[in-house]
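Working notes, structure below.
Please treat every number below as a calculation from the coordinates, not as lab data. Because the structure is a prediction, the values reported are computed rather than measured. Methodologically, a virtual Cβ is constructed for each residue, glycine included, from the backbone with ideal geometry; neighbour enumeration extends over all protein chains shown.
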Amino acid sequence: MVETHETWLRAQTWPLPALDQTHRAYLRAVEETMARLRDVEADLRTLLALEPLRARVERLRCFRGIDDLTALTIAAELGDARRFGTAPSVMADVGLVPSEHSSGSKRAQGAITKTGNAHLRRVLVESAWHYRHHPVVSAALRARQRGAPAPVIAQAWTAQQRLLRRARQM
C-alpha cells in the first residue's frame, strides 16, 4: 500500500512549473527522511545486539507502553538502575518529584522539579500515560512478552494494576 501511494505521488503533475518544483522538493525531503530513519533503525539493531543492554531492553519491553525505542532510551539514559536504592530515588534523579517551598511551619508542594535528564523524563511520562486505562495484555504486548522470564511478566502485570489504582487515587 505504501508503494502504491508513492507511485501515485510521483505520477502527480502540476500546471505551474513552480508547483512541480515544490512537489519534487517535498518528495526529496521525504526520501531523505526515510533514509535517515533507515540509518537510525540500523543503529538501533546494532545497539540491541549488545548483550547487557539487550537483556535490559527485553525486560523493559514486557511493560505496557514500552517498545524498542522507549526501552532502549530508558536502558541507555538510566544506566544501571541498581545504583538507586528505591524507585523514589530514581524519580528524584529524573525530576519527577514535587518541588517544595517551605518556610517555618509552612510547607507547600508545587509542580515537579524537572531536574535531571529531560529526555528520560519525557519518555517515562509518555509511557506512564498507557497506565490510565484498564489493565489488559494486548496482542502487541503479548508478542513483546513472548519468551520473557515469568517473574518479569508477573511484575509487568502487577505494575498495570497498581499504577491504574494510583492514577485513580490522584
> So which chymotrypsin sites (Phe, Trp or Tyr not before Pro) in segment 1-97 end up in coil per DSSP with only 16 or fewer other C-beta atoms within 10 Å?
Replying inline: PHE84
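Assigning unit charges at the beta carbon (Lys, Arg +1; Asp, Glu -1) and nothing else, what dipole magnitude in debye, to the nearest 20, does the chain show about its Cα centre? Can you show the working numbers first?
Numbers: 26 positive and 17 negative charges, 211 e Å.
Dipole of the chain, to the nearest 20 debye: 1020 debye.
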>> How large are Rg and Dmax for segment 107-170 when calculated on the C-alpha trace, in angstrom?
In response: 14.8, 49
> Which whole number in µm²/s is D for the chain by Stokes-Einstein, with the Kirkwood Rh taken over Cα pairs at 37 °C and 0.692 mPa s?
Replying inline: 166 µm²/s
> Rounded to the nearest 500 deg cm²/dmol, what is the calculated helix-only ellipticity per residue at 222 nm for the chain, with -39500 (n - 2.57) per DSSP H run of length n ≥ 4?
Replying inline: -20500 deg cm²/dmol
>> Could you tell me how far the Cα centroid of segment 1-59 sits from the Cα centroid of segment 93-154, in Å?
In response: 31 Å
> Out of LEU60, LEU37, LEU19, any idea which swings most in a Gaussian network model of the chain, alpha carbons joined below 10 Å?
Replying inline: LEU19
> Sequence-distant or interchain residues sharing an amide H contact under 5 Å with SER99, placed H: which?
Replying inline: GLY110, ALA111, ILE112, THR113
